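Q: There's a structure below that I have some questions on.
The values are calculated or read from the model by the stated rules, or taken from the named source; none is laboratory data. Remember, it's a predicted structure, so these values are computed and weren't measured experimentally. Quick reminder, even Gly has a Cβ in these numbers, built from the backbone with ideal geometry, and neighbours come from all protein chains shown.
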Amino acid sequence: MLIHNFSAGPSILAPSVLDQSAAAIREFAGMGLSILEVSHRSAQFEAVVEETQSLIRELTGLDHSYDVLLLQGGASTQFFQIPHNFLGTMAAYTKTGTWASEAIKEAKGYGEVRVLASSEDRNFSYIPKGYQIPEEADYFHCTSNNTIFGTQMKSFPDCPVPLICDMSSDIFSRSLDFNKFDFIYAGAQKNMGPAGVTAVMLKKSMYERKVKGRHIPTMLDYEVHAKKGSMHNTPPVFAILVSMLNLRWVKENGGVAGMEKRNKEKSELLYNAIDKSSWFKGTAAVEDRSPMNACFVFQDENPDAEKKFENACAEAGISGIKGHRSVGGYRASMYNALPLESVQALVSVIETFA
Ligand code: PMP
């Protein structure tokens, strides 16, 4: 049976990317060896790192004032690596969900964290707006897409201090002025590739902002990773290879503008069905809805109907739509590689409840 993979992450990858990845496990780059057993210092693998970095640059349009790094430790490591490097006195954050809260928690170990705005009062169901970013902050940190709550920042504030953004769950999904940011990071396992690699794009001028007098372990020093071409230690070779193949796929399918068009079509189809249904309702404020993660619940508690809906989903091959425990209900993640047909399949199940 065809499975429609709505998983929030790790998530769906295009079949052609999986086929090429599987082939590389058998034999990589005509070397007669698997990608899993060749040196990361081989010319063939160095070419993979370089192509991955240049695809990231090309897809985001970042200019050469940025370094593109491929690191490990997930986005969660960035939650402390960023303040370890740059939080000397005070940093400003917005609290828009579980991941933003985690970033705040980690930063508190390094200095004052000023939470400029929070949407916790309504279970993170909206994006707070209209806050002032203090000029004395070391940086401002925000989360572009709140994976668990299904909200997305549609615009970014003008920022008098370095603008740092966690784009883990919507990188490469839409056109943005990426050059507006001083520091972007993303765990790969949504729109970039498999888990195991984290993309960091930072302005080289950030190196001058490293906190003076603080010891920075080598593995936490962005400048070292940049100088060593993301090869200071053994990189996650397979995760990088799959990311490269996936980024090629993004490029071949119209780049981020092409992804945005597909994602808009998919998410509009689903949100329209939710809004039309007399059974379901969306949980996020309409203007802040994420095209990546659509969260919805039954309008009224109804265990029988829930069971019926979940069975119908299972029968239709719909997988991974259980909502996160902090929201409940359902979450359909519609990352780049999810085809329109999968959303149509979910919509037809929703419509049988209409
Ligand atoms: N930030 C966001 C927005 C996320 O969605 C996630 C993971 N779902 C994380 C951070 C944490 O990422 P990781 O598991 O790579 O540490």
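Q: Does LEU70 satisfy being part of a strand (DSSP E or B) and not charged (D, E, K, R)?
A: yes
Q: Restricting the first residue to the stretch 141-152 and requiring it to be assigned by TED's automatic domain parsing to the domain that holds VAL115 and free of Cβ contacts under 8 Å to residues at least 40 places away in the same chain, which pairs with a second residue that is of a type in the set (Lys, Arg) and within 7 Å of the ligand (Cβ to nearest atom) meet a Cβ separation below 7 Å and a spacing of at least six or different chains?
A: none
Q: Can MET259 be described as surrounded by 15 or more Cβ atoms within 10 Å (Cβ to Cβ), in contact with an Asp or Glu (Cβ under 8 Å, 6 or more places away or on another chain) and under 30 Å from ILE56 (Cα atoms)? Before the answer, list the steps.
A: On the way: surrounded by 15 or more Cβ atoms within 10 Å (Cβ to Cβ): yes; in contact with an Asp or Glu (Cβ under 8 Å, 6 or more places away or on another chain): no; under 30 Å from ILE56 (Cα atoms): yes.
Spelling it out, it is not the case that MET259 is surrounded by 15 or more Cβ atoms within 10 Å (Cβ to Cβ), in contact with an Asp or Glu (Cβ under 8 Å, 6 or more places away or on another chain) and under 30 Å from ILE56 (Cα atoms).
Q: Among the residues of the stretch 87-99, is there at least one that is buried (at least 18 other Cβ atoms within 10 Å of the Cβ), touching a Gly at 6+ places or on another chain (Cβ under 7 Å), at pLDDT 95 or above and under 28 Å from SER11 (Cα atoms)?
A: no
Q: Another question, if that's okay. Take the stretch 134-156 and flag every residue that is more than 10 Å from the ligand (Cβ to nearest atom) and within 17 Å of GLU260 (Cβ to Cβ).
A: Of everything in the stretch 134-156, those that are more than 10 Å from the ligand (Cβ to nearest atom) and within 17 Å of GLU260 (Cβ to Cβ) turn out to be GLN152, MET153, LYS154, SER155, PHE156.
Q: Sticking with this one: Here's a check for you: in the stretch 157-183, which residue that is in contact (Cβ under 8 Å) with a residue 40 or more places away in the chain and in a strand (DSSP E or B) is nearest to the ligand (Cβ to nearest atom)?
A: ASP166
Q: To continue, here is another question. Say whether the condition of being in contact with a strand residue (DSSP E or B) (Cβ under 8 Å, 6 or more places away or on another chain), under 16 Å from GLY187 (Cβ atoms), of a type in the set (A, V, I, L, M) and assigned by TED's automatic domain parsing to the domain that holds THR151 is met by at least one residue in the stretch 44-67.
A: yes
Q: Right, something else. Can you find even one residue in the stretch 71-82 that is more than 16 Å from the ligand (Cβ to nearest atom) and modelled with pLDDT of 95 or more? Walk me through how you get there before you give the answer.
A: Filtering the stretch 71-82 for residues more than 16 Å from the ligand (Cβ to nearest atom) gives none.
For the stretch 71-82, residues more than 16 Å from the ligand (Cβ to nearest atom) and modelled with pLDDT of 95 or more: absent.
Q: Right, next: With respect to LEU62, is the statement that it is surrounded by 20 or more Cβ atoms within 10 Å (Cβ to Cβ), of a type outside the set (S, T, N, Q) and either part of a loop (DSSP other than H, G, I, E, B) or within 16 Å of the ligand (Cβ to nearest atom) (or both) true?
A: Values: surrounded by 20 or more Cβ atoms within 10 Å (Cβ to Cβ): no; of a type outside the set (S, T, N, Q): yes; either part of a loop (DSSP other than H, G, I, E, B) or within 16 Å of the ligand (Cβ to nearest atom) (or both): yes.
Against the criterion (surrounded by 20 or more Cβ atoms within 10 Å (Cβ to Cβ), of a type outside the set (S, T, N, Q) and either part of a loop (DSSP other than H, G, I, E, B) or within 16 Å of the ligand (Cβ to nearest atom) (or both)), LEU62 does not qualify.
Q: Looking at the stretch 289-328 only, could you name the residues that are without any contact (Cβ under 8 Å) to a residue 40 or more places away in the chain, over 20 Å from LEU340 (Cβ atoms) and in contact with a helix residue (DSSP H, G or I) (Cβ under 8 Å, 6 or more places away or on another chain)?
A: PHE298
Q: Yes or no: the stretch 301-312 includes at least one residue that is under 26 Å from SER173 (Cα atoms) and assigned to a helix (DSSP H, G or I).
A: no
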